[in-house]
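Have a look at the structure below before the remarks.
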Amino acid sequence: MAKEMHATPLLDQLESGPWPSFVTGIKRLAQDNDMMVDLLGQLETSYRTRKGYWKGGTVGVVGYGGGVIPRFTELKDKNEKALYPSAAEFHTIRIQPTPGFHYTSDLLRKFSDVWEKHGSGLLCLHGQSGDLMLQGCTTAAVQPCFDEVNAMGFDMGGAGPALRTASSCVGHARCEHSCYDEYAAHRQMINAFLDDMHRPALPYKWKFKFSGCANDCSNATQRADEAVIGTWRDDMKVDQEKVKEYVSTKGRKYIIDNVITRCPTNALALNDDDTLDVDNKNCVRCMHCINVMTKALAPGDDKGVMILVGGKRTLKIGDTFGTVIVPFMKVDTEEGLDELEDLSGRMIDFFAENALEHERCGEMIDRIGLANYLEGIEVDIDPNQIDVPRTNPYVRMDGWDEEVAKWEERKA
Amino acid sequence: MSAPRMPDETGVPDWEPYLHPALKKNYGQWSYHERPRNGVLLHVAKSGDKVWTVKAGSCRQMDIHTVRKIAQIADDYADGFIRFTMRSALEFMVTDESKVEPLIQACEDAGFPVGGTGPSVRMVSHTQGWLHCDIPGTDASGAVKALMDELFDDFKNQDMPNHVHITSSCCQINCGGQGDIAINIQHTKPPKINHDLVANVCERPTVVARCPVAAIRPAVVNGKPSLEVDEKKCVACGACFPPCPPMQINDPEHSKFAIWVGGKHSSTRSKPSFHKLVAAGLPNNAPRWPEVGEVVKKILKTYKEDAKDWERMGEWAERIGWPQFFEKTGLPFTKYHIDNWRGGRASLNASAHIRF
Ligand code: HEM
Ligand code: SF4
Ligand code: SF4
Ligand code: SF4
Ligand code: SF4
């Protein structure tokens, strides 16, 4: 039996309604857990005053420079005594889950048992970067808790100016659209640069995300410094018999209105005999027609990935999407994945050496220009990297002939 | 005393031991999928194997009792395996169709609403807020819970034009991503500076460098080194607050909510797009934020009635034009909707295109 509950008239209002309630979960924990009793006290105060009361600090585990998010209460009386002392330390431990967030029931129970023993019993499944977060740990319990999690085969995630935990779409495990083995790429890229996660020394964060196709279910385009997105080079696969079935069950109008006219590059035509023509040269692999007619259409056989760089959220220049730097790369062999690792290594190194403190990769590229960036990471320029060529004449072009020669050489 | 234990730097774990056997067997070999009913996906592999997935909503912040309940459902009804989606939904997988109904029943009985597939409103992706962040203007878990209660039917049913991804952010750093609808804190007043603390707590050059509009400069106030803000320049973004907590940006009254529409990460049909401001000035009205819910429901209702199948919210607004978006939703259009940040010119109508 824990200490007496604080009155929580505001939080109580979040227990009604049909959606699962985190307040009910926390209250259940509070029945035999003082930390959660006091956490409710502090959270209720925030709901009343509309202010937050946590401050950061420095907490970690032996051998690592990051991965724990320290939280100390700021709600104190005149004598600097915490008003909610059992929740005065309420740290988060970030853990890297499996790519695709797969668990056995046994693994979920093991995490629950360790977390019942060492912490608050509150978990976050999962944070938006992709961490499993154990939320509510005292400073003293961080090390023993992590030791047990680590012994289960799980490692700390990233925090601070470091390589961060990555995430992948469900991909190869359960999606017919998947164009590469997202989980293998995810595991190899993070594990190759793990030192940059555990010993934060980058200018700022570096996030990877892996999506198997242009549907981009892991939100890589905008939310990753390096987005790895699947695509294919050869022709889309079309099963004309299945196309005819779609036409006969859905109707011609439906197929015209929802597939043919919705192709962003007008690459589709429905023939009089209800078969489909695909102008593969002009298909941009956007996935729409395949999404609608998943039984009839599929990506081709010559699959690979494209790399986008520089996605990030608002701070400081405003939001950016990643931009294409490599339009196609094969990663279905060990050599292919190693090549991706080499490229990623050059990108992270260049970022480490050239970004200003607290500057994300996308901001750095804005500052130095894409062409300089590409030269720095030894990636060839390619017209797939732009939407349209330059529209203003404010540039020195006295190197024109040499640049044309390079183009001819690359083409050869 | 024994030497401290050094960590095993194992990094990302091998996923295979945790993958449902049918997913392991057919890894990378899927053929197609369909949605037999709301909340259920059927994936068919090239081998002919079939896997039914039952998808259910949960809250992201979960207690161990709830986690154990999920483990029990997995054991009793779903072969002992589970995966989570990016938006904290539960996905139980079975290879035997007769197990689908009992699994749905078990999820519903345990309080996990089955839904969130196809053209539905998905779980709002969220951040930390008052529960755990050191800079929040509002809560995340509570705002999301209140909103999902309101949007419950839209989660359960598949009757939107396309799926709707809603995100929320409890400060202007915006950990929540781009969203069809994004619900974000928007501060409306410059930070209030506690000059007594600045010298001790803040590295002043770092704070000066953090401001996107160069509104901060070093100053001496009451004889102590501090910082001052040019309040005319300040855009109340709050970027100075994390490196310098005495620059208090959060205000119970003046930290408001703004709503943004039309963000899209995918390259499906149209290229990815940022969400655009549609409403602001909504009060931070814990514990249920009813004013925010009203605007969100109004936008969703208009989208549902007016958009074509497969059109994401931003694609719909682009097709009908933003003047009609404001007309149809009844939301006011103000000078604040006209972008004056760098590159903002690209958002102006430089054409003879007008709809009447
Ligand atoms: C100062 C304290 C901050 C705290 C406590 C904080 C907390 C968090 C947490 C808990 C997450 C989810 C993490 C995970 O899943 O592993 C997150 C994600 C994120 N944070 Fe922060 N954050 C902070 C500052 C920032 C700043 C300064 C930025 C931007 C410049 C930022 C941008 C983001 C973004 C974009 C995400 C989502 C990333 C994604 O989806 O990959 N955060 N933050
Ligand atoms: S991004 Fe593509 S491959 Fe990955 S889960 Fe989504 S649709 Fe499937
Ligand atoms: S994938 Fe997209 S671009 Fe290619 S044909 Fe289909 S709809 Fe058109
Ligand atoms: S959005 Fe802001 S307040 Fe909310 S968790 Fe992220 S950094 Fe913290
Ligand atoms: S709130 Fe933003 S604009 Fe205002 S002073 Fe701070 S950093 Fe600068």
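Just so you know, all these numbers are worked out from the coordinates, no wet-lab data involved. Keep in mind it's a predicted model, so treat the numbers as computed, not measured. Note: ideal-geometry Cβ built from the backbone for every residue, glycine included; neighbour counts use all protein chains shown.
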#### Entry: Selected residue [surrounded by fewer than 19 Cβ atoms within 10 Å (Cβ to Cβ) and among the β-branched types (Val, Ile, Thr)] from A:73, A:49
A:49
### Summary
Considering residues that are in a helix (DSSP H, G or I) and either touching a residue at least 12 places away in the same chain (Cβ under 8 Å) or within 12 Å of chain A (Cβ to nearest Cβ) (or both), the number found within segment B:327-346 is 6
### Message
Pairs please, first residue from segment B:9-29 and touching a residue at least 24 places away in the same chain (Cβ under 8 Å), second anywhere and part of a helix (DSSP H, G or I) and surrounded by 15 or more Cβ atoms within 10 Å (Cβ to Cβ), Cβ atoms under 8 Å, 6+ apart in sequence or on different chains.
### Response
B:18/A:107; B:19/A:173; B:23/A:173
### Summary
If we ask which residues in segment A:226-278 are of a type in the set (S, T, N, Q) and within 30 Å of residue A:363 (Cα to Cα), their number turns out to be 1
### Message
So for segment B:59-81 (the condition being under 25 Å from the mean Cα position of the chain (by Cα) and more than 7 Å from chain A (Cβ to nearest Cβ)), does at least one residue qualify?
### Response
no
### Query
residue B:177: within 16 Å of ligand 2 (Cβ to nearest atom), in contact with a strand residue (DSSP E or B) (Cβ under 9 Å, 6 or more places away or on another chain), in contact (Cβ under 8 Å) with a residue 12 or more places away in the chain and not basic (Lys, Arg), yes or no?
yes
### Query
Which members of segment A:136-181 meet the condition of being part of a strand (DSSP E or B) and within 16 Å of ligand 2 (Cβ to nearest atom)?
A:167, A:168
### Task
Residue by residue through segment B:107-126, note down the ones that are surrounded by fewer than 21 Cβ atoms within 10 Å (Cβ to Cβ) and not in a loop (DSSP other than H, G, I, E, B).
B:108, B:109
### Task
Among the residues of segment B:263-297, write down those that are touching a Ser or Thr at 6+ places or on another chain (Cβ under 6 Å) and either away from ligand 2 (no atom under 16 Å from the Cβ) or among the acidic types (Asp, Glu) (or both).
B:284
### Query
Name the helices (runs of 4 or more DSSP H) wholly within segment A:195-267 that hold at least 2 residues that are within 13 Å of ligand 1 (Cβ to nearest atom)?
A:220-223
### Task
Considering only residues that are away from ligand 4 (no atom under 16 Å from the Cβ) and under 19 Å from residue B:210 (Cβ atoms), look in segment B:137-191 and name the one that is nearest to the other protein chains (Cβ to nearest Cβ).
B:189
### Message
So the check is Cβ under 8 Å with 6+ separation or different chains; which pairs have a first residue in segment A:97-118 that's more than 7 Å from chain B (Cβ to nearest Cβ) and a second one that's buried (at least 24 other Cβ atoms within 10 Å of the Cβ) and hydroxyl-bearing (Ser, Thr, Tyr)?
### Response
A:97/A:103
### Residues located in segment B:231-278, provided they are within 16 Å of ligand 1 (Cβ to nearest atom), in contact with a helix residue (DSSP H, G or I) (Cβ under 6 Å, 6 or more places away or on another chain) and more than 27 Å from residue B:206 (Cα to Cα)
B:264, B:265, B:272
### Query
So residue B:25 fits all but one of (1) among the charged types (D, E, K, R); (2) closer than 26 Å to residue A:297 by Cβ; (3) facing chain A (nearest Cβ under 8 Å); what number is the exception?
(3)
### Task
Give segment A:188-214 a look and list any residue that's away from ligand 2 (no atom under 16 Å from the Cβ) and either farther than 17 Å from residue A:65 by Cα or aliphatic (A, V, I, L, M) (or both), or say none.
A:188, A:189, A:190, A:192, A:194, A:197, A:201, A:202, A:207
### Task
Considering each residue of segment B:140-185, count those that are of a type in the set (A, V, I, L, M), over 9 Å from the mean Cα position of the chain (by Cα) and closer than 21 Å to residue A:320 by Cα, and give that number.
2
### Task
Name every residue in segment B:270-326 that is acidic (Asp, Glu) and within 11 Å of another protein chain (Cβ to nearest Cβ), in order of residue number.
B:309, B:311, B:315
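Can you find a residue in segment A:110-129 that is outside any strand (DSSP E or B), more than 16 Å from ligand 4 (Cβ to nearest atom), among the hydrophobic types (A, V, I, L, M, F, W, C) and closer than 28 Å to residue A:182 by Cα?
Within segment A:110-129 (the criterion being outside any strand (DSSP E or B), more than 16 Å from ligand 4 (Cβ to nearest atom), among the hydrophobic types (A, V, I, L, M, F, W, C) and closer than 28 Å to residue A:182 by Cα), the answer is yes, since at least one residue qualifies.
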### Task
Mind telling me which of the residues A:334, A:357, A:339 ends up being under 23 Å from residue A:385 (Cβ atoms), of a type outside the set (Gly, Ala, Ser) and surrounded by fewer than 19 Cβ atoms within 10 Å (Cβ to Cβ)?
A:339
### Task
Taking residue A:217 as the residue in question, decide whether it is touching a Pro at 6+ places or on another chain (Cβ under 8 Å), within 16 Å of ligand 2 (Cβ to nearest atom) and not aliphatic (A, V, I, L, M).
no
## Note on the structure
Expected output for segment A:248-272 (first residue over 20 Å from residue B:271 (Cα atoms), partner of a type in the set (D, E, K, R) and outside any helix (DSSP H, G or I), Cβ below 9 Å, 6+ apart or cross-chain) is A:248/A:274; A:252/A:274; A:254/B:309; A:255/A:274; A:269/A:277; A:269/A:279; A:270/A:277; A:271/A:277
### Query
If we keep just the residues of segment A:17-37 that are more than 8 Å from every other protein chain (Cβ to nearest Cβ) and not charged (D, E, K, R), which is farthest from residue B:108 (Cα to Cα)?
A:35
### Task
Taking the options A:57, A:17, name whichever one is closer than 27 Å to residue B:242 by Cβ and either touching a Lys or Arg at 6+ places or on another chain (Cβ under 7 Å) or assigned to a loop (DSSP other than H, G, I, E, B) (or both).
A:57
